[in-house]
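Data first, discussion second: the structure below is written as structure tokens.
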Amino acid sequence: MSASASSGTGTAGTELAVVLHAARDIRVQQLSRAELGPDQVRVALEATGLCGSDLHYYADMRNGPNVVTAPLVLGHEGAGRVVEVGPGVAPELVGQRVAIEPAMVCGRCPMCRAGRYNLCLHGTCLGSPPTHGTLRQSVVMPRANVHPVRRLDAGTAALVEPLAVGTWAVRRARLGLGDRVLITGAGPIGQLAAAAARLAGVSWIGMVDTAPARLASADGLADEYFDSVPTDGGAGGGVDALLECSGAPEVLADLGALRAGARIALVGIPARRPVPEGFLIMAQRYEYDVLGCFRYGPGAFHAAAELADSGRLDLRRLITASYPLAEAGTALHTALTDRSQLKTLVLSAP
Ligand SMILES: [Zn+2]
Ligand SMILES: [Zn+2]
């Protein structure tokens, strides 16, 4: 049987896509479909979760150092069904639901060869310029970037991507049995990191957020909740690790709750504000291990897909709104302006 069984192989064709043209200028328009090559699969997209980076691009045309200079399809938290496979890919994959790992790597640079592919020197990522993302009807990906799931529906399969951020933070912070962990930021990433930390066997989770609604939405995930960073025995003392998921540098002002030698994983993209000067003094004196976390490294996405598919996590609790593809502009605007939203989904297929 031909590896490309379904119709349309190699044909251009067009489909609906959500294109960012300028700040807050979103247009749903026809775009040509990508060609399918060797070792690639075509995924008919079902759902995309909106993420902080999508909202940054939507609001400002930039996210950290990345700037949108040409019309761009947003979205990188995608899931769908494989509808077509290129040469070299097992045809059994057709029909399977997959979570899409959006970062594509070269496999040859020194970082890839060192096994640290999330730091690839030539990497690209769906929804980051110049690479179109998943707010459209289909996407072509390397086979290695799609992770089959069996139990998840499309919406929760789209949450595998942010869960992978959480699993990578847990690994970077070397969380294990009996650890006490403080998590700053109770948004989707903080909540998914908490769920992953719990499965890793931590004995205590403290969760911090300045927004009462966010803390309330994390109910059941932590052991204690704080509206500001605890600085002493208020956290029970002896915190082994901090997962910083808020992006607010002020969080690092007073880390008196940490034990000496604690690990600090920086997960949230830091706002461009000064780091409190006391932080470096304390980090030096008490030998904190400060660990950057960029997306997810080797094995973390696979682990997230397996965990999610095992049913041992409640991912659905994060989904607060869903919109059809044609209303993606409204979805982005609402996600940006309504802070009570956790995870907004855009559905590419009904
Ligand atoms: Zn994301
Ligand atoms: Zn590379």
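The values are calculated or read from the model by the stated rules, or taken from the named source; none is laboratory data. Bear in mind the structure is a predicted one, so any value in this text is a computation, not a measurement. Quick reminder, even Gly has a Cβ in these numbers, built from the backbone with ideal geometry, and neighbours come from all protein chains shown.
Looking at region 237-246, is at least one residue hydroxyl-bearing (Ser, Thr, Tyr) and surrounded by 18 or more Cβ atoms within 10 Å (Cβ to Cβ)?
Yes, region 237-246 contains at least one residue that is hydroxyl-bearing (Ser, Thr, Tyr) and surrounded by 18 or more Cβ atoms within 10 Å (Cβ to Cβ).
Only residues that are of a type in the set (A, V, I, L, M) and surrounded by fewer than 16 Cβ atoms within 10 Å (Cβ to Cβ): list them for region 306-330, please.
326
Step by step: first the residues of region 18-63, then only those that are assigned to a loop (DSSP other than H, G, I, E, B) and under 18 Å from residue 343 (Cα atoms), then the one that is modelled with the highest pLDDT. Which residue is that?
Ranking the qualifying residues of region 18-63, first place goes to 50.
Any idea which of 206, 178, 166, 201 is part of a helix (DSSP H, G or I) and in contact (Cβ under 8 Å) with a residue 24 or more places away in the chain?
Of 206, 178, 166, 201, the one residue that is part of a helix (DSSP H, G or I) and in contact (Cβ under 8 Å) with a residue 24 or more places away in the chain is 166.
Can you name the residue in region 35-79 that is over 12 Å from residue 135 (Cβ atoms) and in contact with a His (Cβ under 7 Å, 6 or more places away or on another chain) and, of all such residues, is nearest to ligand 2 (Cβ to nearest atom)?
63
Report, by residue number, each residue of region 331-340 that is surrounded by fewer than 14 Cβ atoms within 10 Å (Cβ to Cβ) and under 16 Å from residue 57 (Cβ atoms).
337
Among the residues that make up region 341-350, is at least one of them surrounded by fewer than 18 Cβ atoms within 10 Å (Cβ to Cβ), in contact (Cβ under 8 Å) with a residue 60 or more places away in the chain and within 25 Å of residue 55 (Cα to Cα)?
Checked against the condition, which is being surrounded by fewer than 18 Cβ atoms within 10 Å (Cβ to Cβ), in contact (Cβ under 8 Å) with a residue 60 or more places away in the chain and within 25 Å of residue 55 (Cα to Cα), region 341-350 yields at least one hit.
Which condition from (1) outside any loop (DSSP other than H, G, I, E, B); (2) buried (at least 18 other Cβ atoms within 10 Å of the Cβ) is the one that residue 250 breaks?
Result: residue 250 fails condition (2) only.
As an exercise: evaluate residue 82 against (1) assigned to a strand (DSSP E or B); (2) modelled with pLDDT under 95 and give the number of the one condition it does not meet.
Checking residue 82 against (1) assigned to a strand (DSSP E or B); (2) modelled with pLDDT under 95, the one that fails is (2).
If you go through region 299-345 one residue at a time, how many are more than 29 Å from residue 28 (Cβ to Cβ) and assigned to a loop (DSSP other than H, G, I, E, B)?
Final tally of qualifying residues: 5.
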